[in-house]
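Everything below concerns the one structure shown next.
The values are calculated or read from the model by the stated rules, or taken from the named source; none is laboratory data. This one's a predicted model, so the numbers in the text were calculated from it and none came from an experiment. No Cβ is skipped: glycine too gets one built from the backbone with ideal geometry, and neighbour counts run over all protein chains shown. Please note that ligands, DNA and RNA were not included when accessible areas were found on the heavy atoms of the full protein model with its side chains. Shrake-Rupley method; radii C 1.70, N 1.55, O 1.52, S 1.80 Å.
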Amino acid sequence: MILKDIDISGFGKYTHESMSFSEGINIIYGENGSGKSTLHTYLKSMLFGMERGRGKAAHTDAYSHYYPWNSQAPYGGSLTFSDGEEDYLIERCLDTKNRSLTIRKAGSGQLIGTEQADLDSLIGHITEETYRNTISIEQLKAATDGSLAAGLKNHLSSIALSGTSTLDVTKALASLREKKKALKQQINEEASSKYQTVFQEICETEDKLKAMGNQPDQLEKQIRELENRLEEEKQKRENLKKSAADTEAAIKSHSLFLVRDADIYQERIHDAYAAHRLAAEENKRHARHSLRTRDIISGLAAMVLFLLLGLGSLFYEQLPFTNTPFPLPKLPLLILFFAGAGISLLVTIILFARSRKDDSDSEAMAAETELFLQNAFKLHLNDSEITEENLAAMEEKLAQYTALQKALKENHALTDASLQITVALQEELRHAQTEMSRCQKEAWEFEQTCKHLSKLEEEKQALAHIIEKNKLAEERLCSIALAEDTIAKLSSKIHESFSPVLNDKVSEIIAAITDGIYDRLCIDENLTVTLRSGGRTIPLDSLSRGTIEQIYLALRLSAVDILYPGLSLPILLDDTFAYYDDARLHNTLKWLAEHYPGQVLLFTCHKREAAFLSRMNMPYHLVALS
């Protein structure tokens, strides 16, 4: 595979930039900041695309880092490469809003495909991880990660098991595990116990239904009776409601409607009539007038008597008719007689005033009682005359009104009693309907269970078929287990021979680069490296940075040879030789020129690589970046 031409539409600092590469060694020279790493990343993005990060990572990922500085330029470009027989043109747009991929034949323009899988088939199905761990070395990143060790193991196991690298042992084992899982899910271990459970449930349901007897029929009859009684009570309440409405209308239209208590009103009518009759009788006899005159005359007589006695005691020195002096002192007698006269006068005045007041009150009360009776008879009888006939008519009207009120109360009592009966009947009906629903549900469940019972024979045959399938599945599970065990044992043997195969290739390269200083490398199946020099084992962390970089370069070159034998892939070295001294740089360039079968793209900010190649008379193509 040879990378030939690139045409950058927009990528980082590059806008509408074109470059060409040749076979063999290409030196891409430029000072720091000239865009070497940008060009390196552009080549990888043309081969594998570039995904944008999510969330906060989207602000610092490679997609954002290399977005065109000139925002008007389209994000992407093209790459022309050759597989040795045909030239192909890759055109990519990396912008997430308008992402696209087109692969064509460079000469005829024939469309090959628009998917990454189409491009993978042209570049030998190399994955981005393998590309990053083998032929693409970024600045100060010569070391590999765990994915390279896994890829080498899988590759060697595939060759040992099938004679070709097209078999993916990892995928084969995963497929076997999926088949095993699917077979285990097919095995039905509960079929027999499920049959026994269902059959037992049917027997219990049959017994329960037998115990019910004729209960559904009895409940149905009871429900009909309750519904009829409820309808009767409903009709009864309707009649009572209509009767109550008529009675209330009669009460509202009655002249006594505004009377709060008819009994008290009737008593008041009787009392007023009795008082009216008594006042009339007293007026006829003038009893009060005679009593008043007699009391006044008696009081005045007593006053005159006491006054005469007092005057006699005052003007006479001796007793009348005897001519004898008074036996008692005159002053006490005078006080006594005049005081008696004054008291008699005061009592007479009080009695007169009270008599006048009583007459006034009696007359007012009589007038008020007469007015009350006249208003009552006028309002209710349309006749204001106070007579025995009107009193009897008033009593009759009061009796009618009382009877209406009593009838309304009785109506309300009957309505309340009917409501209580209705509530009790509704509760009884709900209970009966609940029982009926339960019985119907049990009957339906029994019917369904009986239908299920008829299918049990068919289920038995199906269960027998399932058991037979279980046996076949178990046999296949044994076969899969045997296959997994066989692959595991073979893979274990391959892993045991994995390190020697890789060690030989890496040791050959590192010995050439170091002029034989390190003649043997030991690399285990996890790509852990130790060196042998002069019979001594040297751990990797005790070596210089330059030597470590050289070891990982040798490891990458050996991995390419193992993973892609016969496929000449270009190797991209981005300032990989920064820690190399002149001797080892000379040896490395010489080995690459003489032994590496593919194209070499060497990105550097130094001029010594070109100087060494010129000194060794080895051809190279120089691309100078401004």
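For Glu385 and Ser108, calculate 0.36 nm times their separation in residues minus their Cα-Cα distance, and state this gained length in nm to one decimal.
Numbers: separation 277, 0.36 × 277 = 99.72 nm, distance 13.65 nm.
Once the chain is fully extended between Glu385 and Ser108, it gains 86.1 nm.
Each residue, Lys409 and Lys378, gets one label point 7 Å from its Cα in the Cβ direction; the gap between the two is 3.3 nm. Given the pairs Lys179/Lys471; Lys179/Lys455; Lys221/Lys242, which are separated by over 25 angstrom at their Cα positions? As for pairs spanning more than 25 Å Cα to Cα, those are Lys179/Lys455; Lys221/Lys242. With only Cα atoms counted, region 13-106 has Rg and Dmax values of 14.5, 45 Å.
Rg then Dmax, both in Å and based on the Cα atoms of region 18-62: 14.0, 43. Rounded to the nearest 0.05, the FRET efficiency derived from the C-beta distance between Ile264 and Lys441 at R0 = 56 Å is 0.30. Computed extension length for Leu331-Leu540: 59.1 nm, one decimal, from 0.36 nm per residue of separation with the Cα-Cα distance subtracted. Here the peptides 220-233, 30-43 are ranked by packing, the mean other Cβ count within 10 Å, and the order with the highest first is 30-43, 220-233. When peptides 106-115, 383-392, 130-139 are sorted by average Cβ neighbour count within 10 Å, with the highest value leading, the order is 130-139, 383-392, 106-115.
Backbone phi angles across region 553-563, fed through the Karplus curve with coefficients 6.51, -1.76 and 1.60 (θ = phi - 60°), yield HN-Hα couplings of 5, 4, 4, 5, 5, 5, 5, 4, 5, 7, 6 Hz in residue order; Gly and Pro are listed as x. Between Lys221 and Gln426, the modelled label-to-label distance comes to 2.8 nm, taking each label 7 Å out from Cα in the direction of the beta carbon. Its alpha carbons give region 530-626 an Rg and a Dmax of 14.7, 49 Å.
Ratio of region 71-115's C-alpha Rg to 2.2 N^0.38 Å, to two decimals?
Details: Rg = 11.8 Å, N = 45, 2.2 N^0.38 = 9.3 Å.
This ratio for region 71-115 stands at 1.26.
Amide H contacts of Tyr564: none lie under 5 Å away among residues 5 or more positions distant or on a separate chain (H built 1.01 Å from N in the peptide plane; Pro and chain starts excluded). Modelled spin-label separation between Asp95 and Glu395, with each label point placed 7 Å from Cα along the Cα-to-Cβ direction: 11.6 nm. Remark: accessible surface ordering of Asp61, Asp416 (largest first) is Asp416, Asp61, probe radius 1.4 Å.
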